[in-house]
Amino acid sequence: MHYTFNIERGNFTDAGQASSSVKRTLKQLGVDPANIKRTVVALFEAEINAVAHAYGGTIDVDIDGEKIVMVVADQGPGIPNLDLAMQEGWSTASAKVREMGYGAGMGLPNIKKNSDELKIDTEVGVGTTVTMTVYLT
Amino acid sequence: MKVKEIAKLVDGEIVGAPVDETYEVKKAFASDLMSDVLRFHMDDTVLITGLCNNQTMRTSEMADLRVVLIGRDKQPDEDMLELAEDADITIIKSKYSIFKLSGILYAAGLEPLY
Ligand SMILES: Nc1ncnc2c1ncn2[C@@H]1O[C@H](COP(=O)(O)OP(=O)(O)OP(=O)(O)O)[C@@H](O)[C@H]1O
Ligand SMILES: [Mg+2]
């Protein structure tokens, strides 16, 4: 099964809608709760990052019997120093983003912890693509 | 501790999804930082927060939270209440500060998450 969603820049009213929709789908498919939780936490963090730090983008989710592959691709500033960005506590979140409850610098580490495979392709001035895989078996 | 007992202890008002009378809350976690909330297992846990917006509900939904206690007299708007109902999350809103809410619930026997 394949699902596609759009992410809008700076739209914190709707941010998280895609992850919420994926959560419902996984529940309907009868995926076990522990795998649902780590899948949607990883996806949600990536979705919020695309809203908060980039200029929006797309989410593609593929689900089959053995794994869930999620690709969050944004147009945005890119991440100049990925090692730094992966560290717990590192954040460049704006005041507006902090007001929404984000900016702890925990999102990328959370994604790493919750997914089985994580690939981040990023280019300064172009954008960032985060590919996360969760194995169901 | 039942959801209604918590509401009574903090002089709170219940909004959002209807209370599940069978749900037993055992632990509490206080945070305004949503990515911190997503780091932990929130089974049988009430989130105590002063952050009152759509993202509080989205994060709670992802974290599998069922009860959120909102302090400092913050008022959830219609949009947020709708999200709470969709995600089956009961909101207790209280005038008390986060420190006071935490103290009351700790004294009443809720366990810290860690
Ligand atoms: N899609 C992205 N585009 C550009 N920069 C990003 C992107 N994702 C992350 N970053 C950069 O990496 C930093 C760390 O991201 P991370 O998700 O770990 O923390 P955060 O988003 O700042 O806070 P939190 O996720 O805890 O709310 C961000 O502050 C930002 O500088
Ligand atoms: Mg983040």
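The values are calculated or read from the model by the stated rules, or taken from the named source; none is laboratory data. Keep in mind it's a predicted model, so treat the numbers as computed, not measured. Here Cβ is always computed from backbone atoms with ideal geometry, including for glycine, and neighbour counts include all displayed protein chains. SASA here: full protein model, heavy atoms, side chains in, ligands and nucleic acids out. Shrake-Rupley method; radii C 1.70, N 1.55, O 1.52, S 1.80 Å.
For the residue pair residue A:8 and residue B:75, what label-to-label distance in nm results when each label sits 7 Å from Cα along the Cα-to-beta-carbon direction?
About 2.5 nm, to one decimal.
For the protein assembly as shown, what is the percent of antiparallel DSSP beta bridges, rounded to the nearest 5?
On the way: 35 of 49 bridges.
Around 70 percent antiparallel, to the nearest 5.
In peptide B:77-84, what is the residue-averaged number of other protein chain Cβ atoms found within 10 Å of each Cβ? Walk me through the numbers before you get to the answer.
Numbers: counts 0, 0, 1, 1, 0, 0, 4, 0.
If you average over the peptide's residues, the count of other-chain Cβ atoms is 1.
Go through A:70, B:1 and list them by solvent-accessible area, largest first, probe radius 1.4 Å. Before the final figure, lay out the partial values.
Values: A:70 0, B:1 30 Å².
Largest accessible area first, the residues go B:1, A:70.
May I ask you to give the solvent-accessible area per residue for the protein assembly as shown, in square angstrom, as obtained with a 1.4 angstrom probe?
Numbers: 11640 Å² over 251 residues.
For the protein assembly as shown, the per-residue accessible area is 46 Å².
Can you list the HN-Hα couplings for region B:26-36, worked out from phi with the Karplus curve (6.51, -1.76, 1.60; θ = phi - 60°), rounded to whole Hz and with x for Gly and Pro?
10, 10, 9, 9, 10, 6, 9, 9, 5, 5, 6
How well do other chains shield peptide A:79-88, expressed as the mean number of their Cβ atoms within 10 Å of each residue Cβ?
Details: counts 0, 0, 0, 0, 0, 0, 0, 0, 0, 2.
So the per-residue partner count for this stretch is 0.
Keeping all protein chains in the complex and leaving out DNA, RNA and ligands, what accessible area do you get for residue B:15 with a 1.4 Å probe, in Å² to the nearest 10?
It works out to around 30 Å².
Return the average number of partner chain Cβ atoms within 10 angstrom of each residue Cβ along peptide A:16-25. Let's see the in-between values first.
Details: counts 9, 3, 0, 4, 7, 0, 0, 4, 3, 0.
Counting Cβ atoms of other protein chains within 10 Å of each residue's Cβ and averaging gives 3.
How much accessible surface does residue A:24 have with a 1.4 Å probe, in Å² rounded to 10?
110
Report the residue, chosen from A:49, A:35, A:81, that carries the largest GNM mean-square fluctuation when chain A is represented by alpha-carbon nodes joined by springs under 10 Å.
Result: A:81 has the largest fluctuation of those listed.
As a test of the formula, what do you get for the protein assembly as shown when each DSSP H run with n ≥ 4 contributes -39,500 (n - 2.57) and the sum is divided by the residue count, at 222 nm and rounded to the nearest 500 deg cm²/dmol? Please report the intermediate quantities before stating the final value.
Working: 10 runs with 89 residues, N = 251.
Helices in the protein assembly as shown give a 222 nm mean residue ellipticity of -10000 deg cm²/dmol.
What ranking, highest mean first, results for peptides B:51-57, A:57-63 when packing means the other Cβ atoms within 10 Å averaged over each residue? Write down the numbers at each step before the final one.
Values: B:51-57: 23.3, A:57-63: 19.3.
Final packing ranking: B:51-57, A:57-63.
Counting pairs of alpha carbon atoms under 8 Å apart in space and at least six apart in sequence, what relative contact order in percent does chain A give? Working shown, then result.
On the way: 266 pairs, mean separation 38.2, N = 137.
Relative contact order comes out at 28 percent.
Report relative contact order for region B:3-112 in percent, whole number only (criteria: Cα-Cα under 8 Å, sequence separation at least 6). Working shown, then result.
Numbers: 210 pairs, mean separation 38.1, N = 110.
Taking the mean separation of contacting Cα pairs over the length of region B:3-112, I get 35 percent.
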